[in-house]
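Student: Structure incoming, see below.
The values are calculated or read from the model by the stated rules, or taken from the named source; none is laboratory data. As the structure is a prediction and not an experimental result, all values here were calculated from the model. All Cβ positions, even for glycine, are placed from backbone atoms using ideal geometry, and neighbour counts span all protein chains on display. Each accessible area value is taken on the protein alone, full model and side chains, heavy atoms only, with ligands, DNA and RNA left out. Shrake-Rupley method; radii C 1.70, N 1.55, O 1.52, S 1.80 Å.
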Amino acid sequence: MTELQKDPQVKTPGPLALTLHMLGGKLMAMLIRLSIQFRYWRAYRKAGSALERGNLRLQRDFRLNFALSGDAALRRFKFRCRYSRYYQLQLLNQILQQQAQTVFGREHHFADIQSLSQYRAHVPLQDYETLRPYIQRHLQGEADVLLRGKPCYYATTSGSTGEPKFIPVTKAQQQSAHQDAARLWGYSLQQNHSGAFTGKSLVIVSPAVEGHAPDGTPYGSISGQYIQDLDEAIKHKYLLPYAVYCIKDYDARYYTILRLGIAAADVSLVSSTNPSTLSLLAEKGALWQDMLLDDLTHGGINSQFAVEPEIREMLLPLCPANPLRAAALRALRQQDPELRLRPYHYWPQLAVIACWTGGNSAFFLQKMQQWYGRVHIKDLGFLASEIRGSIPLALDQSAGLLTIEDNFFEFVRVSDVQQGDLNPEQRQYLLADELCTGERYYLYFSNIAGLYRYDLNDIIEVKGFHGTTPLIDFVQKGKGVTNITGEKIYEQQVLAAITVAQQQTSLHCVFFQCLASAPQGGYQLFAEFSQPPALQQLQHFAGAFEQALQQQNIEYRSKRLSQRLSAVQVHALASGTLEQFKRRRVAAGVREAQFKTVPLTADASLSTEFVIISSTAAKENQYVA
């Protein structure tokens, strides 16, 4: 036991508990082997050809690998969840020892830290901007700065200042926090619903490599990298070849996904982080249904879509003619009340959809069910480029267990932060086992890849416990950030875009408020101008604001290009709106001396009484730079 673990509150796993855990794992592994081998030999004896026997061996290898590694991971994880404080402090000690000789570790005296209070005293809360100088040195090829050695990869996302974030990833983290966590999630899904893996899995991700840092280290999408590195024993279960994710034109990518998808009647699992992507895919399928059915009848991929020639050539053998399948789908479309081809027509065996369900996803989920039917939903957990923070172990609920094996967590009650009378270091920081069901908290974490007491500005709610480990659910971003479908817009980015729009037009804002509207699928900017604008002036301002916001936020630009968000709609407000807004806020209980405008919000009630004098149209592909 380390000095950190010599805490009187630490519940330690005793020798008997450890022994029973080990024996239980060995017994279950033996039973799994016997069960799978028995089923394999029964099927093997009935196989009529060498090809059939070869396929059976592939299935056996997949099931053995999946079940043995998954069961071991799930047992270990659940066991450790009974002793969260012990394993959390053990992880923190490992982080401090491993990173003690880095630049950051020496500056913050990692080698001298013997207690949790000392860690908090030596290491203030961090965010990306405080860590950016260290990461920039890594990007240039320097080792032992924020973490020991150098990152092997960077996950990219938008930053509050407009510059992208490059989140360092190490090989150890790839194995534990990404691959092992995905295996644990997948095995729990198999336990939840065995039908999820009876057929093919259609998984939608972004490319693994979108570019390279100055020192040559790749950066891109963590989920894409996971798909790219799939084990051969598992890869045959995935419908889409990795090359599909590398198609640059979004419409061409969506069409190709649908073209491969409608040909496969045995899809049993569909996965995409955002439910908005799955709704958009279904809508595109209905829009392109005639072209898709024509391609399915005659073979190939419609030439009007800009699929890169080398990718098209690679995919053509996977797109043969299947007139019988096309005729069957046409018949199903004729039975649809709206004569639309829907996913539940071409994927009748679909058992589970994997996506986010927390936060504001409920709106998109309702929309998605119109296309996919009422299938089970498996939440992907609390996910960000920086962290996989939870693993849901049940179907049809968004709460997941904290990833206590990969991240050291601290929490502060939302009510403590909202009071604002304490500086961050004076707040009461809690460990996982000190939380209360039903309470909401800001979450901070430390990991083995160089993020220490990292503030995501995320709010979570505790839904329950497994042992001493909480089940958490993402609620929303904290102050100054909104999020509809993963774009994470910051107040600073809106302010910067307003400045650019004013510079490029003759309009000057007296007051403005930007609303993140999930029902509308985009952002609305309410603005009172010094002089009422003509419609052409307002459109010019809207275009300048939209393009500036895309330049400020790469995730927002990506969501606009992929049509998951519509263009910002700008509403010109009547003269005197600011004064009226202030009066309403003061009447609602805000002290006049403490009144502040709200530059960015997801609260539609704040704008319900605005008097709009003119508005721009919100066209889907308008102002995409």
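Student: Any residue at all in segment 432-446 that's within 19 Å of the chain's Cα centre (by Cα) and of a type in the set (A, V, I, L, M, F, W, C)?
Tutor: Yes, segment 432-446 contains at least one residue that is within 19 Å of the chain's Cα centre (by Cα) and of a type in the set (A, V, I, L, M, F, W, C).
Student: Within segment 113-124, is there a residue that is open to solvent by less than 10 Å² (accessible area, probe 1.4 Å) and of a type in the set (Ser, Thr, Tyr)?
Tutor: Looking for residues that are open to solvent by less than 10 Å² (accessible area, probe 1.4 Å) and of a type in the set (Ser, Thr, Tyr), one finds at least one in segment 113-124, hence yes.
Student: Suppose the filter is of a type outside the set (Ser, Thr, Tyr) and open to solvent by 40 Å² or more (accessible area, probe 1.4 Å); does GLN190 pass it? Can you show your working first?
Tutor: On the way: of a type outside the set (Ser, Thr, Tyr): yes; open to solvent by 40 Å² or more (accessible area, probe 1.4 Å): yes.
Considered against the rule, which asks whether it is of a type outside the set (Ser, Thr, Tyr) and open to solvent by 40 Å² or more (accessible area, probe 1.4 Å), GLN190 comes out as yes.
Student: Given the conditions (1) touching a residue at least 60 places away in the same chain (Cβ under 8 Å); (2) under 30 Å from GLN118 (Cα atoms); (3) open to solvent by 50 Å² or more (accessible area, probe 1.4 Å), report the number of the one that TYR454 does not fulfil.
Tutor: (3)
Student: Ok, one more. Mind telling me which of the residues THR19, THR12 ends up being surrounded by 10 or more Cβ atoms within 10 Å (Cβ to Cβ), of a type in the set (Ser, Thr, Tyr) and not in a helix (DSSP H, G or I)? It would help to see each step written out before you state the result.
Tutor: On the way: THR19 fails: not in a helix (DSSP H, G or I).
The match here is THR12.
Student: Another one. Across segment 609-625, which residue is nearest to the chain's Cα centre (by Cα) among those that are modelled with pLDDT of 90 or more and either part of a loop (DSSP other than H, G, I, E, B) or on the phi > 0 side of the Ramachandran plot (or both)?
Tutor: At the first step, the residues of segment 609-625 found to be modelled with pLDDT of 90 or more are 609-616.
Checking the rest, the ones that are also either part of a loop (DSSP other than H, G, I, E, B) or on the phi > 0 side of the Ramachandran plot (or both) come to 609-611, 616.
Working: GLU609: 34, PHE610: 34, VAL611: 37, THR616: 31 Å.
Ranking the candidates gives THR616 first.
Student: Quick one: in segment 371-388, which of the residues that are of a type in the set (D, E, K, R) and touching a Gly at 6+ places or on another chain (Cβ under 9 Å) is most open to solvent (accessible area, probe 1.4 Å)?
Tutor: Step one: filter segment 371-388 for residues of a type in the set (D, E, K, R), giving 374, 378-379, 386, 388.
Now narrow it down to the ones that are touching a Gly at 6+ places or on another chain (Cβ under 9 Å): 379, 388.
Details: ASP379: 5, ARG388: 43 Å².
Among those residues, the one meeting the criterion is ARG388.
Student: Going through segment 125-142 one residue at a time, which ones are exposed (fewer than 14 other Cβ atoms within 10 Å of the Cβ) and either more than 26 Å from the chain's Cα centre (by Cα) or in a loop (DSSP other than H, G, I, E, B) (or both)?
Tutor: GLN140, GLY141
Student: Moving on. Tell me, which residue of segment 425-463 that is of a type in the set (D, E, K, R) and in contact with a strand residue (DSSP E or B) (Cβ under 7 Å, 6 or more places away or on another chain) is nearest to ALA143 (Cα to Cα)? Please lay out each step first, then the result.
Tutor: Pass one, segment 425-463, residues of a type in the set (D, E, K, R): 425, 427, 433-434, 439-440, 453, 455, 458, 461, 463.
Going one step further and asking which of them are in contact with a strand residue (DSSP E or B) (Cβ under 7 Å, 6 or more places away or on another chain), we end up with 427, 439-440, 453, 455, 458, 461, 463.
On the way: ARG427: 34, GLU439: 41, ARG440: 38, ARG453: 21, ASP455: 24, ASP458: 30, GLU461: 38, LYS463: 41 Å.
Only one residue tops the list, namely ARG453.
Student: Please determine, by comparing only the residues of segment 289-330 that are part of a loop (DSSP other than H, G, I, E, B) and touching a Leu at 6+ places or on another chain (Cβ under 9 Å), which one is surrounded by the most Cβ atoms within 10 Å (Cβ to Cβ). It would help to see each step written out before you state the result.
Tutor: Narrowing segment 289-330 to residues part of a loop (DSSP other than H, G, I, E, B): 299-308, 319-322.
Those left that are additionally touching a Leu at 6+ places or on another chain (Cβ under 9 Å): 299-302, 307, 319, 321-322.
Numbers: GLY299: 14, GLY300: 15, ILE301: 21, ASN302: 15, VAL307: 24, CYS319: 17, ALA321: 14, ASN322: 17.
Among those residues, the one meeting the criterion is VAL307.
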